[in-house]
Amino acid sequence: MEIDATGIYYRDLNSTIRRAVEDGERSFVLKNINGQRYIATGIEERIMVDIYGTPGQDTAAFMRGPELQIYGNAQDGLGNTMDDGKIVVHGMAGDIVGYAMRGGQIIIQGDVGYRVGIHMKAYREKIPVIVIGGRAGDFLGEYMAGGIIVLLGMFGQNLHPDRPIAGHFLGTGMHGGVIYVRGKIPNHQLGKGLKAELLSDEEYGTLIKYVEAYCREFDKEIEPILAEKFYRIAPYTHRPYGNMYAY
């Protein structure tokens with residue numbers, strides 16, 4: 001189903017998509033998207049959505065199943081509390097991508113904003129993953145409780161050599177999960193209670209799986225990416241803030 005979204009109010013657009021899903025439609029092409037919010041939010045069916053333009057805030061929030069290909073940039077809150085499915089952004093994304101994400105994958109070609117991947121969590125076989133080809137702003141992985149973030153720092157729009165791969169306070173309050181970073185992060189940028197160390201051979205295999213997924217989506221060569229050492233950032237212990245509580 002193809003929809004030209006020019007001038008369509010976001011509620012009307014989402015209502016049209018939902019009615020079509022209820023009627024059995026499983027493939028959508030949305031053209032001329034310009035800030036319409038909540039696209040695919042709350043949808044639990046296995047559908048494919050190709051989005052051309054810039055979807056608005058909270059696109060794919062609470063999503064459980066769809067696959068989105070976004071041919072453009074994405075605004076704030078992409079994949080908010082996402083439970084399952086896949087989002088691929090052929091551009092950059094804004095703040096709080098993957099907020100409280102509980103499953104599925106988000107793969108972003110370029111840069112992301114602030115507080116990406118905060119409050120991510122995992123449960124049994126459900127491990128949420130965010131792969132970022134560019135650089136990230138402050139508070140990446142803040143209060144992270146589970147899941148995986150991969151930060152490449154190679155393919156963003158802001159490639160000035162003086163700009164760090166990630167902002168300050170990386171992983172502040174983090175008590176679970178892991179962040180893989182291509183290259184060394186200075187200790188002063190890390191949140192309290194975190195350590196950065198080179199990957200083990202076992203974890204290197206896990207990392208390669210997600211780097212390969214990034215390369216497939218954006219037609220990149222994997223060898224230049226793996227030419228640099230990767231570091232894992234994680235808490236020193238499973239209860240890094242346990243001594244802050246009275247009981």
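The values are calculated or read from the model by the stated rules, or taken from the named source; none is laboratory data. Everything quoted here is computed from the prediction, not taken from an experiment. As a convention, Cβ positions derive from the backbone with ideal geometry for all residues, glycine included, and neighbour counts pool all protein chains shown. Just the protein is used for accessible areas: all its heavy atoms, side chains included, with ligands, DNA and RNA removed. Shrake-Rupley method; radii C 1.70, N 1.55, O 1.52, S 1.80 Å.
I39 passes all but one of (1) out of contact with any Ser or Thr (no Cβ under 6 Å at 6 or more places or on another chain); (2) surrounded by 14 or more Cβ atoms within 10 Å (Cβ to Cβ); which number fails?
(1)
State whether the residues of the range 2-14 include one that is at positive phi and either of a type in the set (K, R) or without any contact (Cβ under 8 Å) to a residue 60 or more places away in the chain (or both).
Scanning the range 2-14, I find at least one residue that is at positive phi and either of a type in the set (K, R) or without any contact (Cβ under 8 Å) to a residue 60 or more places away in the chain (or both), so the answer is yes.
Looking only at the range 128-177, count how many residues are open to solvent by 10 Å² or more (accessible area, probe 1.4 Å), closer than 17 Å to A196 by Cβ and hydrophobic (A, V, I, L, M, F, W, C).
Counting residues in the range 128-177 that are open to solvent by 10 Å² or more (accessible area, probe 1.4 Å), closer than 17 Å to A196 by Cβ and hydrophobic (A, V, I, L, M, F, W, C) gives 4.
I'd like the residue in the range 209-221 that is open to solvent by 40 Å² or more (accessible area, probe 1.4 Å) and of a type outside the set (K, R) and, out of all such residues, is nearest to the chain's Cα centre (by Cα). Lay out the reasoning, then the answer.
At the first step, the residues of the range 209-221 found to be open to solvent by 40 Å² or more (accessible area, probe 1.4 Å) are 209, 212, 216-217, 219-221.
Imposing the further condition that a residue be of a type outside the set (K, R) reduces the set to 212, 217, 219, 221.
Numbers: E212: 16, E217: 14, D219: 19, E221: 21 Å.
Taking the candidates together, the pick is E217.
Take the residues in the range 12-26 that are more than 20 Å from M82 (Cα to Cα) and either of a type in the set (D, E) or open to solvent by 60 Å² or more (accessible area, probe 1.4 Å) (or both); name whichever of them is farthest from the chain's Cα centre (by Cα).
D23
In this structure, is D76 free of Cβ contacts under 8 Å to residues at least 40 places away in the same chain, within 12 Å of the chain's Cα centre (by Cα) and either surrounded by fewer than 21 Cβ atoms within 10 Å (Cβ to Cβ) or under 14 Å from G177 (Cα atoms) (or both)?
Details: free of Cβ contacts under 8 Å to residues at least 40 places away in the same chain: yes; within 12 Å of the chain's Cα centre (by Cα): yes; either surrounded by fewer than 21 Cβ atoms within 10 Å (Cβ to Cβ) or under 14 Å from G177 (Cα atoms) (or both): yes.
Yes, satisfied.
It is to be established whether one or more residues within the range 146-159 are closer than 30 Å to E25 by Cα and within 11 Å of the chain's Cα centre (by Cα).
Step one: list which residues in the range 146-159 are closer than 30 Å to E25 by Cα, which gives none.
Checked the range 146-159: no residue is closer than 30 Å to E25 by Cα and within 11 Å of the chain's Cα centre (by Cα).
Being surrounded by fewer than 14 Cβ atoms within 10 Å (Cβ to Cβ) and under 21 Å from D111 (Cβ atoms) is true for just one of K192, K184. Which residue is that?
After applying the criteria, what remains is K184.
Residues checked against (1) touching a Lys or Arg at 6+ places or on another chain (Cβ under 6 Å); (2) within 22 Å of Y210 (Cα to Cα):
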position	(1), (2)
R19	no, no
D50	no, yes
T81	no, yes
A100	no, yes
G103	yes, yes
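Here's a check for you: in the range 87-125, which residue that is closer than 16 Å to A40 by Cα and touching a Leu at 6+ places or on another chain (Cβ under 6 Å) is surrounded by the most Cβ atoms within 10 Å (Cβ to Cβ)?
The residue in question is V97.
Residues in the range 45-52: is at least one at positive phi and surrounded by fewer than 19 Cβ atoms within 10 Å (Cβ to Cβ)?
Taking the range 45-52 first, the residues at positive phi are none.
No, the range 45-52 has no match at all.
Among G183, G176, G205, which is the only one that is more than 22 Å from G137 (Cβ to Cβ) and at pLDDT below 95? Walk me through how you get there before you give the answer.
On the way: G183 fails: more than 22 Å from G137 (Cβ to Cβ); G176 fails: more than 22 Å from G137 (Cβ to Cβ).
Just one listed residue meets the conditions, G205.
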